[in-house]
Amino acid sequence: MTHTFDSASIRSEFPVMQHCLYLDSAHQTPLANCVRDALNQFLVEGNQMAGPKPVWMARVEETRAKVAKLLNARPTEIAFTKNTSEGLNIAANAVPLKTGDTVLMLEGDHPNNAYAWLNLKRKGVNVRFLKLQDAQVANADTFASHIDESTRVISLSHVTFHAGQRHDIASIGRLCAKAGIYLVVDVMQSIGVLPVDVKAMGVSVLAAGCHKGLLVPQGLGLLFVREDLQELQPAYVAMSSLENPPSDYVARPEDLMLRRDAGRFEFGNFNLPDLHALSRSVDFILRLDPVQIEAHMLSLGDHLLEKLDELGVAVVGPRKRTERAHIYVLDLPVAKWVNHFAQHHVRVSPERGGVRISFGVFNTLDDVDQVVGLIAQRQAQFNVTP
Ligand SMILES: Cc1ncc(COP(=O)(O)O)c(C=O)c1O
C-alpha cells in the first residue's frame, strides 16, 4: 500500500472488530470509541447539570464549522436535519417548481431521493428516470441530451448503495451550471469516505445522513444550500428559521423575514447528543484526511477485485478506480451465500445484484483476505460455482 494509514490504531477505535468481521459500512458504521466518549460526555452533562444548553448550542456552531470545512463550504451554508430523506424533501420543496417542470433522475437510485421528487407529481411536476447499467457511471453525457426547456433539476447519489458506482458529479455540475438548472446530490454513501467538495462538484444542494461514513448513531442529517440560492425557500418555518426571532416568544405576524443562511431550513430543537458525536467524528475524519481515506478504500477494493478474479467471482458495479469507492457487490446469489457469511461472523448486506461488501476506515487487507478465503472455502467444499 502506498498510503500512510495507521490501520492498527484506527482499528483499536472500533472494538466491534474483535467480535466480527465487519464489512457493512454502507449499511451503518459501528461506533468509534471517540464517538462513544462524546456521547458519554453529553449524557454526564445532562445527568449532572440538567443540561447546560448554552454550552451545547455553542458546540452546535463549532460542529457546523467543522462540517463546513469537511465540505469546503461556509458554515452559513450548512443546516442540520434528521436524515438524508429530510434534506432531500427540503430541497424538493424549496426549489421553485411549477406544473410541467421536469426533474431528471437515475432509475434505481435510492428510493428516499426518488420519493422526495415523486411527491411533487401532485403539483404537476414530472420526474423522468434515465436508465444506466450497474457497471456504468453517470456523467454530463448521461443527462445532456435529456435536458430541454422544462428541465429544472438533476438529482442523484454521489455513490450508489446498490452497485457502488461513483458518479462524475463535477461534470454534471458543470452541465447544470451551463443549462441554468439545479443540481441536488445525495452524499449519504460518500461523505466521510471520499473527499466531498461542494465547490469542485458544483452542487446547489447536498444532503446526507450521518450514520455511515460520518460514524454517528442514526437521527442526524446535513444539508448544504449554496449561499446565493436565496430563491430556495423553506416549506416549514419555526422561530429558529427567522431573521428576527421574537425574544419574548410572541409570534409577530408582521415580521416573517427568514434568515438568509441555511439556518432558514432548520426548525425547532437539534439532535444535541448526535451533534456532540458528530463534532468528534468529524475531527477524527479530518485527522485521517478524506484523501487518505479514499486511497485506503481504493486499495482495499483493488485487492478484493484481484482476489475475486482469481476465484472467478464478478462484481456488478464498475471496476475502474475513478468509478468506484468502498462498495463492492459480488455477483453471488444472496440466498445461497448470505448465511454462509453470517455463520462465520462476517457482516455483509444482501443487495439487488448480490452480496454487498462495503469497507470502513477500520478495514484492512487482511480482512479482504479473510472474506475471500471464506468464499474460496465454500466453493471448494461444495463445488459451488458463483
Ligand atoms: C444513497 C442513500 N441515500 C439515503 C439513504 C438513507 O436515507 P435516510 O438517511 O433518510 O435514512 C441511504 C441508506 O440508508 C443511502 O444509501
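Miscellaneous remarks
- Of everything in the stretch 219-236 that is part of a loop (DSSP other than H, G, I, E, B) and in contact with a Phe, Trp or Tyr (Cβ under 7 Å, 6 or more places away or on another chain), the residue that is surrounded by the fewest Cβ atoms within 10 Å (Cβ to Cβ) is Y236.
- Of all residues in the stretch 90-132, those that are farther than 27 Å from E351 by Cα and polar (S, T, N, Q) total 4.
- Some residue of the stretch 297-311 being in contact with a Ser or Thr (Cβ under 6 Å, 6 or more places away or on another chain), assigned by TED's automatic domain parsing to the domain that holds F362 and within 30 Å of E86 (Cβ to Cβ): no
- Subset of the stretch 329-386 (residues that are among the aromatic types (F, W, Y) and either touching an Asp or Glu at 6+ places or on another chain (Cβ under 8 Å) or within 27 Å of I285 (Cα to Cα) (or both)): F359, F362
- Leading residue by the ranking (farthest from A170 (Cα to Cα)) among those in the stretch 58-74 that are in contact (Cβ under 8 Å) with a residue 24 or more places away in the chain and more than 18 Å from the chain's Cα centre (by Cα): R59
- Residues that are more than 16 Å from the ligand (Cβ to nearest atom), outside any loop (DSSP other than H, G, I, E, B) and open to solvent by 10 Å² or more (accessible area, probe 1.4 Å) within the stretch 167-202 comprise A170, S171, R174, L175, A177, K178, A179, Y182, K199, A200, listed in sequence order.
- Helices (runs of 4 or more DSSP H) within the stretch 43-135 that include 1 or more residues closer than 23 Å to F267 by Cβ and more than 16 Å from the ligand (Cβ to nearest atom): 53-71, 84-94
- V216 vs. criteria of a type in the set (V, I, T) and assigned to a loop (DSSP other than H, G, I, E, B): yes
- Picking from residues in the stretch 275-315 that are of a type in the set (V, I, T) and open to solvent by less than 40 Å² (accessible area, probe 1.4 Å), the one that is farthest from E13 (Cα to Cα) is V313.
- The selection criterion, being within 27 Å of A295 (Cα to Cα), in contact with a Ser or Thr (Cβ under 8 Å, 6 or more places away or on another chain), within 16 Å of the ligand (Cβ to nearest atom) and in the same structural domain as S85 (by TED's automatic domain parsing), does not hold for V205.
- Scanning the stretch 51-85 for residues that are small (G, A, S) and either open to solvent by 90 Å² or more (accessible area, probe 1.4 Å) or under 15 Å from G209 (Cβ atoms) (or both) yields A79, S85.
The values are calculated or read from the model by the stated rules, or taken from the named source; none is laboratory data. Since we're looking at a predicted model, the values are computed, not measured. Cβ atoms come from the backbone with ideal geometry, glycine included; neighbour counts cover every protein chain shown. Surface accessibility is based on the protein's heavy atoms, side chains included, excluding ligands, DNA and RNA. Shrake-Rupley method; radii C 1.70, N 1.55, O 1.52, S 1.80 Å.
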